[in-house]
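Input: a single structure, listed below in structure tokens.
The values are calculated or read from the model by the stated rules, or taken from the named source; none is laboratory data. Values in this document were obtained by computation on a predicted structure and should not be read as measured data. Positions of Cβ are generated from backbone atoms using ideal geometry, with glycine treated the same way; all protein chains shown enter the neighbour counts. Side chains are part of the model used for accessible areas, which takes the heavy atoms of the whole protein and leaves out ligands, DNA and RNA. Shrake-Rupley method; radii C 1.70, N 1.55, O 1.52, S 1.80 Å.
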Amino acid sequence: MKTVLFGTSGTLGRAILEEALKRGHEVTAPLQKPEAIEIQHGGLLTLPIDLLRPEEVAQAAKGHEAVISAYEPGFGAEGELLEVARSLVEGLKTAGVNRLIVVGGAGSLKTDSGDRLMDTPEFPEEVKPLAAAHADAYEIYVHSGLDYTYASPAAIISPGRRTGQFRIGLDRLVVDENGRSEISVEDYAAAVIDELEEGHFIKARFTVGY
């Protein structure tokens, strides 16, 4: 597929890029500093962009079949997450691209108690503003009219190895027999590209964990 992937300078975006190229997809990677991508691949095109400008988003997305956003705001820049969400929605509509997969947060997933993960006592206080911003951005995508998919990771996501063996959930946190919710960056990336290829969760959210 011809896909636009925003956020390739981040850990998750880089892993998703590598997974997509490995599977033979053609990827356009717009980012502020295209020279930051060291990957050389015949299926990769890089170009400069300001994600907060919908007209630049539209220009990058035009002519592609799908868009993946792996934009990761830093701590203290949570407000940009909402600005980027609005810019993406406006830009994609202008470009006539309806398919969007978003790398989201886990904080708004439901736990076994029925509470959202970010409302549980164990959730780190310093992460709550970012989790709340992800939850608000999710609502923007829900009401966008686009064929969105919101891909929430497990509660703990860290670099590891690609096993290809994981479980899928919807709005509830996926936990193992010990109550832990984990996924490797590599397996999360595999799940995102699975969704790009198969489209099982259009206009929905899914999550992934071991």
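Can you tell me which condition Thr120 does not meet? The list is (1) open to solvent by 70 Å² or more (accessible area, probe 1.4 Å); (2) among the β-branched types (Val, Ile, Thr); (3) without any contact (Cβ under 8 Å) to a residue 12 or more places away in the chain, and all the others hold.
(1)
Within the range 144-174, track down each residue that is within 23 Å of Asp119 (Cβ to Cβ), open to solvent by less than 40 Å² (accessible area, probe 1.4 Å) and in a loop (DSSP other than H, G, I, E, B).
Pro153, Ala154, Leu173, Val174
Restricting to the range 126-138, name every residue that is farther than 24 Å from Gly96 by Cβ and either surrounded by 13 or more Cβ atoms within 10 Å (Cβ to Cβ) or modelled with pLDDT of 95 or more (or both).
Val127, Lys128, Pro129, Leu130, Ala131, Ala132, Ala133, His134, Ala135, Asp136
Is there any pair with a first residue in the range 36-48 that is closer than 14 Å to Ser9 by Cα and polar (S, T, N, Q) and a second that is open to solvent by less than 40 Å² (accessible area, probe 1.4 Å) and part of a loop (DSSP other than H, G, I, E, B) whose Cβ atoms are under 7 Å apart and which are 6 or more apart or on different chains, and what are they?
Listed by first residue and then by second, the contacts come to Thr46/Ile37.
Would you mind stating whether Gly114 is at pLDDT 95 or above, of a type in the set (Gly, Ala, Ser) and assigned to a loop (DSSP other than H, G, I, E, B)? Spell out how you get there, then give the answer.
On the way: at pLDDT 95 or above: no; of a type in the set (Gly, Ala, Ser): yes; assigned to a loop (DSSP other than H, G, I, E, B): yes.
Considered against the rule, which asks whether it is at pLDDT 95 or above, of a type in the set (Gly, Ala, Ser) and assigned to a loop (DSSP other than H, G, I, E, B), Gly114 comes out as no.
Being polar (S, T, N, Q) and either in contact (Cβ under 8 Å) with a residue 40 or more places away in the chain or within 19 Å of Glu65 (Cβ to Cβ) (or both) is the filter here; which residues of the range 184-207 pass it? First the steps, then the outcome.
First, pick out the residues of the range 184-207 that are polar (S, T, N, Q): 184, 207.
If the condition is that a residue be polar (S, T, N, Q) and either in contact (Cβ under 8 Å) with a residue 40 or more places away in the chain or within 19 Å of Glu65 (Cβ to Cβ) (or both), then Thr207 is the only one that fits.
If you scan the range 52-66, which residues turn out to be surrounded by fewer than 17 Cβ atoms within 10 Å (Cβ to Cβ) and out of contact with any helix residue (DSSP H, G or I) (no Cβ under 6 Å at 6 or more places or on another chain)?
Arg53, Glu55, Gln59, Gly63, Glu65
May I ask you to verify whether Glu177 is assigned to a helix (DSSP H, G or I) and open to solvent by 50 Å² or more (accessible area, probe 1.4 Å)? Working first, answer last.
Values: assigned to a helix (DSSP H, G or I): no; open to solvent by 50 Å² or more (accessible area, probe 1.4 Å): yes.
Criteria not met by Glu177.
Suppose we filter Tyr210, Tyr141 for residues that are surrounded by 14 or more Cβ atoms within 10 Å (Cβ to Cβ) and either within 30 Å of Gly96 (Cα to Cα) or touching a residue at least 60 places away in the same chain (Cβ under 8 Å) (or both); which single one remains?
Tyr141
Looking only at the range 82-106, which residues are β-branched (Val, Ile, Thr) and under 12 Å from the mean Cα position of the chain (by Cα)?
Those that are β-branched (Val, Ile, Thr) and under 12 Å from the mean Cα position of the chain (by Cα): Ile101, Val102, Val103.
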